């Protein structure tokens with residue numbers, strides 16, 4: 001069998017799609033597909049062949065202890081600096097923000113009022129071996 005990975009899907013709160021799209025733009029992603037006024041869309045980064053689907057759902061957010069195990073991971077040469085920029089963006093938008101990490105090179109952040117079943121991890125490029 002020859003199959004090719006196409007996308008991952010993550011849930012967000014109702015009426016938050018445009019705000020979440022704006023957040024992903026901060027992370028270098030662009031809108032890839034959205035049909036008219038659908039409350040879901042596909043985003044991607046140009047240099048990566050995998051897309052992310054974000055879908056508005058009525059689901060309740062899962063507990064943070066479970067939520068951090070389902071994360072979207074981004075690489076950065078300076079994760080803390082990037083998270084500080086996202087934190088500032090959230091303050092400017094008046095969006096609840098929380099963060100944590102597994103180490104000083106593996107950090108995560110969450111928007112509890114937007115994300116249902118995931119957090120975003122930003123990890124240092126040294127974690128990944130070429």
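The values are calculated or read from the model by the stated rules, or taken from the named source; none is laboratory data. Predicted, not measured: the structure shown is a model, and the values here were computed from it. Glycine gets a Cβ as well: all are built from the backbone with ideal geometry, and neighbour counts include every protein chain shown.
For segment 8-18, give me the residue count where each residue is surrounded by fewer than 16 Cβ atoms within 10 Å (Cβ to Cβ) and at negative phi.
Looking only at that region, the number is 4.
Select from segment 107-130 the residues that are over 12 Å from residue 72 (Cα atoms) and either at pLDDT 95 or above or in contact with a strand residue (DSSP E or B) (Cβ under 8 Å, 6 or more places away or on another chain) (or both) and list them in ascending order.
Result: 111, 112, 113, 114, 116, 124, 125, 127, 128.
Which condition breaks for residue 3 when tested against (1) out of contact with any helix residue (DSSP H, G or I) (no Cβ under 8 Å at 6 or more places or on another chain); (2) part of a loop (DSSP other than H, G, I, E, B); (3) surrounded by 12 or more Cβ atoms within 10 Å (Cβ to Cβ)?
Checking residue 3 against (1) out of contact with any helix residue (DSSP H, G or I) (no Cβ under 8 Å at 6 or more places or on another chain); (2) part of a loop (DSSP other than H, G, I, E, B); (3) surrounded by 12 or more Cβ atoms within 10 Å (Cβ to Cβ), the one that fails is (3).
Is there a residue being at pLDDT 95 or above, under 28 Å from residue 4 (Cα atoms) and surrounded by 11 or more Cβ atoms within 10 Å (Cβ to Cβ) anywhere in segment 57-65?
Yes, that holds for at least one residue.
Of all residues being more than 20 Å from residue 121 (Cβ to Cβ) and modelled with pLDDT of 95 or more in segment 34-54, which is surrounded by the most Cβ atoms within 10 Å (Cβ to Cβ)? Just the residue, please.
Checked segment 34-54; the qualifying residue surrounded by the most Cβ atoms within 10 Å (Cβ to Cβ) is 41.
Determine which single condition residue 31 fails, assuming it passes every other condition in (1) out of contact with any helix residue (DSSP H, G or I) (no Cβ under 8 Å at 6 or more places or on another chain); (2) part of a strand (DSSP E or B); (3) over 26 Å from residue 128 (Cβ atoms).
In the conditions (1) out of contact with any helix residue (DSSP H, G or I) (no Cβ under 8 Å at 6 or more places or on another chain); (2) part of a strand (DSSP E or B); (3) over 26 Å from residue 128 (Cβ atoms), residue 31 misses (1) alone.
Here is a check on your reading of the model: is residue 61 over 25 Å from residue 87 (Cβ atoms) and in contact (Cβ under 8 Å) with a residue 12 or more places away in the chain?
Considered against the rule, which asks whether it is over 25 Å from residue 87 (Cβ atoms) and in contact (Cβ under 8 Å) with a residue 12 or more places away in the chain, residue 61 comes out as no.
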